[in-house]
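For reference, the structure discussed in these notes is given below.
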Amino acid sequence: MRMKATLNTLLRTSYIAGLGILIGLSAAVIANFFVAGITWMNDSLLISPRSRLMASSEWLLLIATVMVPASGGLAVGIIRHFIEGQRFHGPPDIIATVQTRQGEPAARTGLLSGIASLLSLGSGASVGQYGPLVHLGGLLGSLWSRLFRMDISMGNVAVACGVAAAISSIFHAPIAGILFAQEVILRHFSLRALAPIAVASIVGYVAANTILPQPPLLQIESAEILHFWEFGLFLLLGMASALVAVAYMQSILWVGRCASAVPIPAITQPAFAGAALGVVALWFPEILGAGGENLRFALIDEAFSRWELAILLILKILATAWCLGMGFAGGVFSPALLIGSLFGALFGSLVATLSGATSSAVVVYAVCGMVAVTAPVIGAPMTTVVIVFEMTGHYPLTIAALSSVAL
C-alpha cells in the first residue's frame, strides 16, 4: 500500500513537472520570437528610433512614417473582419474563461488576434506588446490542456502556467510571473497550482535567456533615495498617477464609443487611424510603437525637458486611445509604462525645482510613476512592484515603488 502511494506521488510529481516544463519552454519560444519579430519589423520599416536615424532618404522616411502605420492598419482591419464579433481577444478573455469555468479560449480568434497584434506593433501603432503575449501564453496553455484532455481545474492551471511563463520570459521576472498567474488569472493562491506554475515560470525564464535573448526593459545602475521625507512625495505621486491612469483608460473607452459614429467602414478604420498617427509622428515620432526606447530615455536625467515630458505624456495617451479605440490590436500595459514614467519624471523634475532642495534622481520618480500608473491599469499592484524588484535588484527603489501604490 505504501509502495503504491509512493508511486502515485512520483507519477503526479512527474506529471506536474512535465506540464510546467512543456508549457514554460513553448511559451518562452513564442514570446521571444514575437518580440524579435516586432523588433525586426520596426527596424525594417523605419519605425524604431535607430532605423529612423539611419534612413538613407528623408523622403523615404516621410513616406514610411505615414504609409507603414496605414498599411498595417489596413491588414489589421481585414483580419478583424474575419473574426467572430469583429473583436480582438486579449488577457480579459483569458481571465473570464478561467473565472467562469465555461469552455476554453477560442483558438482561432486568439491566433488571429496574436497575428493582428504583431502587425499592429510592427507597423508602429501605439499599442502594447505585453497584453498580446500574456494572451498567447494563456492560449498556449489551454491548447496543451486540450491535447492532454485535462479537466477544467487542471486546464485552468495550464492556462496560468502559460501566462506565468510569458511574463517570466518578457520581463525576466519569474517570481512576478508566478504572482501574476495566481493574483490575476486564478484569483486565488493554490498550493496545487503553485508547483506547475513555478516550474513553467522558471523554465520560461531560463529558456528566454537562452533562445533569442532580449535586452532588459530597465537598466538602472544607481537610484538612491536621498531623504526619508520623499516617501511622502511618492504617496502623493501615486495618487496623482491614479488620476492619470483613469484618464488613460477612459480615453480609450471614449474613442472606442466614438468610433462607431465615424463615417468610415469598420474594415478601414484602423488604416485611417494609422495614417492619422503617421501624420502626427512626422513631428513627434516618439509616439510610434510601444515606446520601449523612449521609456529608457525617460529614466535618464535631462534626457527630456519638462515641456517635452508634458507634450509626450499627453500625445502618448491620445495616440494609444486613438489606435486601440479605432481598431488596432494590442495591449495597454506597454504604453502605460511609458506614460507613467513620463509623468513620474515630470513630477520629480518639478519637485526638484519647487522644493529648492536636493532630491533623489529623476529615475526614482520615473519608476514610481511607472508603477503607480500601470498597477491600476492591469489590476495587479503587487506583481508590478515585484517586476521592478526583479528587473532592477534595487530594494530601496522597490520600497519607493511600493509606496506609490500603497493608497
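The values are calculated or read from the model by the stated rules, or taken from the named source; none is laboratory data. Predicted, not measured: the structure shown is a model, and the values here were computed from it. With ideal geometry, Cβ positions are generated from the backbone for all residues, glycine too; neighbour counts draw on all protein chains shown.
Checked against (1) under 22 Å from G289 (Cβ atoms); (2) outside any helix (DSSP H, G or I), L121 meets all criteria but (2).
Restricted to the stretch 99-108, and to residues that are among the small types (G, A, S) and outside any helix (DSSP H, G or I), which residue is surrounded by the fewest Cβ atoms within 10 Å (Cβ to Cβ)?
Start the filter on the stretch 99-108 by keeping residues that are among the small types (G, A, S), which leaves 103, 106-107.
Now drop any that are not outside any helix (DSSP H, G or I), which leaves 103, 106.
Working: G103: 10, A106: 18.
Per the criteria, the residue is G103.
Candidates in the stretch 241-252 are the residues that are in contact (Cβ under 8 Å) with a residue 60 or more places away in the chain and either β-branched (V, I, T) or out of contact with any helix residue (DSSP H, G or I) (no Cβ under 8 Å at 6 or more places or on another chain) (or both); of these, the one that is farthest from Q86 (Cα to Cα) is V244. Residues that are surrounded by 23 or more Cβ atoms within 10 Å (Cβ to Cβ) and of a type in the set (A, V, I, L, M, F, W, C) were ranked within the stretch 129-149; the one that is farthest from F333 (Cα to Cα) is L140. Select from the stretch 166-184 the residues that are aliphatic (A, V, I, L, M) and in contact (Cβ under 8 Å) with a residue 24 or more places away in the chain and list them in ascending order. Correct list: A166, I167, I170, A173, I175, A176, L179, V184. Which condition breaks for M391 when tested against (1) surrounded by 22 or more Cβ atoms within 10 Å (Cβ to Cβ); (2) in contact with a Leu (Cβ under 6 Å, 6 or more places away or on another chain)? Evaluating M391 over (1) surrounded by 22 or more Cβ atoms within 10 Å (Cβ to Cβ); (2) in contact with a Leu (Cβ under 6 Å, 6 or more places away or on another chain) leaves (1) as the failure.
In the stretch 365-383, is there at least one residue being in contact with a Lys or Arg (Cβ under 7 Å, 6 or more places away or on another chain) and over 20 Å from L235 (Cβ atoms)? No - not one qualifying residue is present in the stretch 365-383. Is there a residue being in a loop (DSSP other than H, G, I, E, B), surrounded by fewer than 23 Cβ atoms within 10 Å (Cβ to Cβ) and touching a Leu at 6+ places or on another chain (Cβ under 8 Å) anywhere in the stretch 80-98? Taking every residue of the stretch 80-98 in turn, at least one turns out to be in a loop (DSSP other than H, G, I, E, B), surrounded by fewer than 23 Cβ atoms within 10 Å (Cβ to Cβ) and touching a Leu at 6+ places or on another chain (Cβ under 8 Å).
Among the residues of the stretch 357-399, those identified as small (G, A, S) and at pLDDT 90 or above are A366, G369, A372, A375. Return yes or no: is A276 assigned to a helix (DSSP H, G or I) and without any contact (Cβ under 8 Å) to a residue 60 or more places away in the chain? Judged against the criteria, A276 is a match.
Matching residues to (1) at pLDDT below 90; (2) farther than 30 Å from A273 by Cβ; (3) not in a helix (DSSP H, G or I):
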| position | (1), (2), (3) |
| --- | --- |
| L7 | yes, yes, no |
| R12 | yes, yes, no |
| I23 | no, yes, no |
| T39 | no, no, no |
| N42 | no, no, no |
| T65 | no, no, no |
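Of all the criteria given as (1) surrounded by fewer than 20 Cβ atoms within 10 Å (Cβ to Cβ); (2) touching a Ser or Thr at 6+ places or on another chain (Cβ under 9 Å); (3) in a helix (DSSP H, G or I); (4) not hydrophobic (A, V, I, L, M, F, W, C), the one not satisfied by S201 is (1). When A372, A352 are checked against the criterion of being under 15 Å from the mean Cα position of the chain (by Cα) and of a type outside the set (K, R), A372 stands alone in meeting it.
Test I175 against the stated conditions and say whether it is touching a Leu at 6+ places or on another chain (Cβ under 6 Å) and assigned to a helix (DSSP H, G or I). Even if it seems obvious, please write down each step before you answer.
On the way: touching a Leu at 6+ places or on another chain (Cβ under 6 Å): no; assigned to a helix (DSSP H, G or I): yes.
No; evaluated as a whole, the condition is false for this residue.
Would you be able to say whether some residue in the stretch 334-355 is in contact with a strand residue (DSSP E or B) (Cβ under 7 Å, 6 or more places away or on another chain) and surrounded by 24 or more Cβ atoms within 10 Å (Cβ to Cβ)? Among the residues of the stretch 334-355, at least one is in contact with a strand residue (DSSP E or B) (Cβ under 7 Å, 6 or more places away or on another chain) and surrounded by 24 or more Cβ atoms within 10 Å (Cβ to Cβ), which makes the answer yes.
Being touching a residue at least 40 places away in the same chain (Cβ under 8 Å), at positive phi and in the same structural domain as L143 (by TED's automatic domain parsing): is that true of R101 here?
Working: touching a residue at least 40 places away in the same chain (Cβ under 8 Å): yes; at positive phi: yes; in the same structural domain as L143 (by TED's automatic domain parsing): yes.
Spelling it out, R101 is indeed touching a residue at least 40 places away in the same chain (Cβ under 8 Å), at positive phi and in the same structural domain as L143 (by TED's automatic domain parsing).
Picking from residues in the stretch 156-194 that are modelled with pLDDT under 85 and of a type in the set (G, A, S), the one that is surrounded by the fewest Cβ atoms within 10 Å (Cβ to Cβ) is S190. Selection of the stretch 229-270 for residues being within 30 Å of F88 (Cα to Cα) and outside any helix (DSSP H, G or I) yields S260, A261, V262, P263, I264, P265.
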